[in-house]
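> First the structure, which I've put down as structure tokens, then a few questions once you've had a look.
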Amino acid sequence: MSDRAHETYDVVGIGFGPSNLSLAIALEEHRAKSPENEISSLFLERQSSFGWHRNMLLPSATMQISFLKDLVTFRNPTSSFSFIAYLHASGRLPQFVNNQDFFPTRQEFHQYLEWAQSRVADRIAYNSEVTSVRLPPGGVAEASDRLRLEVADATGRTSRVVEARNVVISTGLVPNMPEGAERDDRVWHSSEFLAKYRRTDPGELRRVAVVGAGQSAAEITRFLYDELPHAEVSAIIPSYGYSVADDTPFANQIFDPGAVDDYYFGTEQTREAFWRYHRNTNYSVVDDDVIRDLYRRSYDEEVRSVRRLQFLNLTRVTGVKRVGEETRVSLQVGPDAEVRELDFDVLVCATGYNTMQPTGLLGELDRHCLRDEAGRYRVERDYRIVTAPEMPCGIYVQGGTEHTHGLTSSLLSNIAVRSGEIADSLVARCAGRNAEHAVLAEVGGDIR
Ligand code: FDA
Ligand code: NAP
């Protein structure tokens with residue numbers, strides 16, 4: 001199906017994390033079922049090999065979803081790409097079951113993802129950063145049904161141009177830093193934590209601080225406390241103390257596939273209720289076991305009359321500057337919002353992420369994408385951005401749809417079903433296009 005001379009594909013996936021991996025598998029399973037209707041695909045990923053938040057693969061970090069919310073099971077429980085199939089292939093299925101735990105470590109889940117991607121490797125190009133998505137010269141006036149993607153290699157040079165009838169953008173969350181804080185070799189965002197930690201001599205780290213009261217902050221605080229027995233570790237938390245991530249069964253229903261329809265077709269009031277009542281399932285919250293681990297360490301210090309682990313509660317970072325060798329952090333501290341400055345050897349900002357934002361990639365094309373009154377993309381139920389009628393290509397997004405599809409948009413919970421829905425939509429679009437071309441061919445029309 002793919003025309004290799006011009007490198008044209010029915011669909012090109014931009015970014016190859018779990019979301020587009022799940023889509024690649026959905027397309028592969030479609031091909032196996034109906035080889036005559038194969039959808040040609042290519043997935044472009046800027047990393048040199050598969051990696052899922054590698055810099056947060058801390059040794060004891062566990063998944064925040066059940067292993068059954070893997071790449072496929074909710075869409076196709078008999079898939080050979082399931083986590084259970086992976087365990088079976090690895091010879092660990094009985095041991096995993098004996099362990100009686102729904103939540104594998106992130107390291108084990110990472111191995112599963114690597115195993116899955118190796119089975120669709122012929123459709124992935126690593127070291128391939130998409131730098132722009134454009135209409136071909138002539139634009140929509142040309143009535144071309146393709147988009148043109150420029151791809152840079154590891155050196156940053158444009159190494160390849162590919163054409164796509166549809167794109168699926170899944171470039172992931174964007175790290176958020178506190179205002180007035182720039183990243184450098186002493187000020188890190190949690191998304192770069194392990195890489196920067198490994199480049200630092202642990203012996204030099206005597207005063208470290210971690211900003212934030214979310215899962216990343218709590219995991220990093222625990223890690224640093226355990227890894228650096230000589231260091232003072234300060235947790236700068238904006239709340240009074242860490243709050244627990246609600247994963248009790250009724251609340252967890254907001255991650256069910258059906259909740260997407262309730263959110264998408266619900267009223268503005270419904271959508272607001274999702275966020276008001278259930279934001280604490282995911283944002284600025286921490287798993288119960290990690291909270292208890294940290295409290296136990298803190299209490300143990302009280303018993304031993306040592307104070308290496310400090311909690312600066314009700315505290316926000318308002319600025320960071322370099323003073324000689326010191327990283328000087330400006331803080332608003334405590335109930336009176338007292339302004340203070342503290343020096344640290346390293347400041348880790350576990351200050352969360354902003355939602356995926358494809359505008360930069362789309363450039364000129366963005367003009368053809370329609371927005372709502374609040375300036376956000378309008379998105380169809382099948383995750384396709386609503387475009388002006390003259391735009392013949394599909395621009396799908398996996399991520400960045402919290403305002404239309406709800407809380408699962410940036411999470412793994414629903415990726416099996418979501419990527420199945422996108423695959424179905426792509427199949428229908430390609431079938432429509434092929435039927436149109438068959439008619440045109442019969443009447444001797446132009447086929448591009
Ligand atoms: P993801 O960010 O994983 O992948 C995007 C990919 O696009 C990256 O590989 C990136 O390199 C690539 N890319 C970006 N721009 C590109 C470009 N221009 N060209 C080519 N490639 C480009 N959720 C959950 O439900 N359960 C969980 O347990 C966790 N755990 C978790 C841990 C940590 C540490 C974080 C930070 C987040 C989670 N999450 C989570 C939420 C998280 O968003 C989710 O797990 C997935 O990473 C979403 O997968 P995506 O493929 O959408 O994005
Ligand atoms: P997060 O939940 O958004 O938390 C960010 C934290 O930083 C919040 O407490 C926020 O407080 C705080 N913050 C922001 N600016 C600040 C400032 N200037 N001063 C002080 N505090 C500030 O981000 P996250 O912890 O990185 O989690 C993101 C996603 O990754 C979640 O889905 C999470 O579940 C997931 N995750 C999963 C795992 C795992 O699977 N084991 C590990 C890590 C993360 P405010 O809310 O008050 O702004």
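> Round to the nearest 10 and report in Å² the accessible area of Ser60, as given by a 1.4 Å probe over the protein chains' heavy atoms.
Only protein atoms counted, so the area is about 70 Å².
> Using the heavy atoms of the protein chains alone and a 1.4 angstrom probe, what is the accessible area of the chain per residue in square angstrom?
48 Å²
> Set the Förster distance to 22 Å, then compute FRET efficiency between Arg328 and Glu227 from the Cβ-Cβ distance, nearest 0.05.
Rounded to the nearest 0.05, the efficiency is 0.35.
> Express the relative contact order of the chain as a whole percentage, based on alpha carbon pairs under 8 Å and six or more residues apart in sequence.
21 percent
> Pick from Glu232, Glu108, Glu179 the residue whose mean-square fluctuation is largest in a GNM of the chain, springs joining Cα atoms under 10 Å.
Fluctuation is largest for Glu179.
> Taking H placed 1.01 Å from N in the peptide plane, check which residues at least 5 places from Arg207 or on another chain put their amide H under 5 Å from its amide H.
Glu232, Asp345, Val346
> Considering only C-alpha atoms, what is the centroid distance from the stretch 97-171 to the stretch 70-93, in Å?
Between the Cα centre of the stretch 97-171 and that of the stretch 70-93, the gap is 22 Å.
> Taking 2.2 N^0.38 Å as the expected size of a compact globular protein, what ratio does the Cα radius of gyration of the chain give against it, to two decimals?
1.07
> Tabulate in residue order the Karplus-calculated ³J(HN,Hα) for the stretch 393-400, using 6.51 cos²θ - 1.76 cosθ + 1.60 with θ = phi - 60°, rounded to whole Hz; enter x for Gly and Pro.
Result, ordered by residue: 9, x, 10, 9, 10, 10, x, x Hz.
> Find the centroid of the Cα atoms in the stretch 189-217 and in the stretch 322-348, then give the distance between the two in whole Å.
Here the answer is 16 Å between Cα centres.
> Would you mind checking which residues have amide H under 5 Å from Cys349's amide H? H placed 1.01 Å from N; only 5 or more apart, or other chain.
Residues meeting the criterion, in which the H sits 1.01 Å from N, are Trp188, His189, Ser190, Val211.
> Could you work out [θ]222 nm for the chain from helices alone, using -39500 (n - 2.57) per DSSP H run of at least four and dividing by all its residues? Round to the nearest 500 deg cm²/dmol.
Values: 13 runs with 140 residues, N = 448.
Calculated from helices alone, the mean residue ellipticity at 222 nm is -9500 deg cm²/dmol.
> Assuming 0.36 nm per residue, please report the length gained on full extension of the stretch Lys321 to Glu341 beyond their Cα-Cα distance.
That works out to 6.2 nm of additional length.
> Could you calculate the contour length gain from Leu93 to Thr105, that is, 0.36 nm times the residue separation minus the distance between their Cα atoms, to one decimal place in nm?
Values: separation 12, 0.36 × 12 = 4.32 nm, distance 1.50 nm.
Here the segment from Leu93 to Thr105 would lengthen by 2.8 nm.
> Roughly speaking, to the nearest percent, how much of the chain's 1.4 Å accessible area is carbon and sulfur?
49 percent
> Among Tyr277, Tyr197, Tyr377, which one shows the biggest mean-square fluctuation in a GNM of the chain, springs joining Cα atoms closer than 10 Å?
Among Tyr277, Tyr197, Tyr377, the largest GNM mean-square fluctuation belongs to Tyr277.
> Give me, ordered by chain and number, the residues 5 or more places off Phe311 or on other chains with an amide H under 5 Å from its own placed amide H.
Ala235
> Follow-up question, since we're still on this one. If you take the square roots of the eigenvalues of the alpha-carbon gyration tensor of the stretch 71-203 and sort them as a ≥ b ≥ c, do you get rounded (a/c under 1.5), prolate (a/b over b/c) or oblate?
It is oblate, given that a/c is not under 1.5 and a/b is not larger than b/c.
> At a probe size of 1.4 Å, how large is the accessible area of Lys321, to the nearest 10 Å²?
Ignoring ligands and nucleic acids, Lys321 comes out at about 100 Å².
> Moving to a separate point now. What spacing in nm lies between the two simple spin-label points modelled at Ser118 and Ala154, each 7 Å away from Cα in the Cβ direction?
For the pair Ser118/Ala154, the computed spacing is 2.0 nm.
> Just how large is the dipole of the chain about the Cα centre, in debye to the nearest 20, putting +1 at every Lys and Arg Cβ and -1 at every Asp and Glu Cβ?
440 debye
> Label the stretch 356-445 by shape, choosing from rounded, prolate and oblate, from the square roots a ≥ b ≥ c of the eigenvalues of the Cα gyration tensor; if a/c is under 1.5 it is rounded, and otherwise prolate applies when a/b is larger than b/c, oblate when it is not. Before the final figure, lay out the partial values.
Working: a/c = 2.94, a/b = 1.52, b/c = 1.93.
Taking the square roots of the gyration eigenvalues as a ≥ b ≥ c, the stretch 356-445 is oblate.
> What percent antiparallel are the DSSP beta bridges of the chain, to the nearest 5?
Bridges in the chain that DSSP calls antiparallel: roughly 50 percent.
> Can you work out ³J(HN,Hα) from phi for every residue in the stretch 346-359, in order, using Karplus 6.51 cos²θ - 1.76 cosθ + 1.60 and θ = phi - 60°, giving whole Hz and x for Gly and Pro?
Each residue's phi maps through the Karplus curve to give 9, 10, 9, 8, 9, 9, x, 9, 9, 5, 4, 9, x, 3 Hz.
> Moving to a separate point now. Roughly how many Å is it from the Cα centre of the stretch 39-58 to that of the stretch 263-295, as a whole number?
27 Å
> When the Karplus curve 6.51 cos²θ - 1.76 cosθ + 1.60 is applied with θ = phi - 60°, which whole-Hz ³J(HN,Hα) does each residue of the stretch 329-334 get, with x for Gly and Pro?
Listing the rounded values in order: 10, 8, 10, 10, 10, x Hz.
> Taking the Cα centre as origin and putting +1 on Lys and Arg beta-carbons and -1 on Asp and Glu beta-carbons, what dipole magnitude results for the stretch 327-401, to the nearest 20 debye?
Here the stretch 327-401 has a charge dipole of around 320 debye.
> Taking +1 at the Cβ of each Lys and Arg and -1 at the Cβ of each Asp and Glu, which of Gly432, Cys349, His278 sits farthest along the dipole of the chain towards its positive end, judged by Cα position relative to the Cα centre?
Cys349
> If you don't mind, there's one more thing I want to ask. If I model a spin label at Asp201 and Glu182 as a point 7 Å from the Cα along the Cα→Cβ vector, what separation in nanometres do I get?
2.6 nm
> Give, rounded to the nearest 20 debye, the magnitude of the charge dipole that the stretch 133-248 has about its Cα centre when Lys and Arg contribute +1 at Cβ and Asp and Glu contribute -1 at Cβ.
Computed charge dipole of the stretch 133-248: roughly 400 debye.
> Leaving ligands, DNA and RNA out of it, work out the accessible area of Arg292 with a 1.4 Å probe and give it in Å² to the nearest 10.
130 Å²
The values are calculated or read from the model by the stated rules, or taken from the named source; none is laboratory data. Because the structure is predicted, anything quoted here is derived from the model rather than measured. Heads up, the Cβs are rebuilt from the backbone with ideal geometry, glycines too, and the neighbour counts pull from every protein chain shown. Accessible surface is based on the protein model in full, side chains and every heavy atom, while ligands, DNA and RNA are left aside. Shrake-Rupley method; radii C 1.70, N 1.55, O 1.52, S 1.80 Å.
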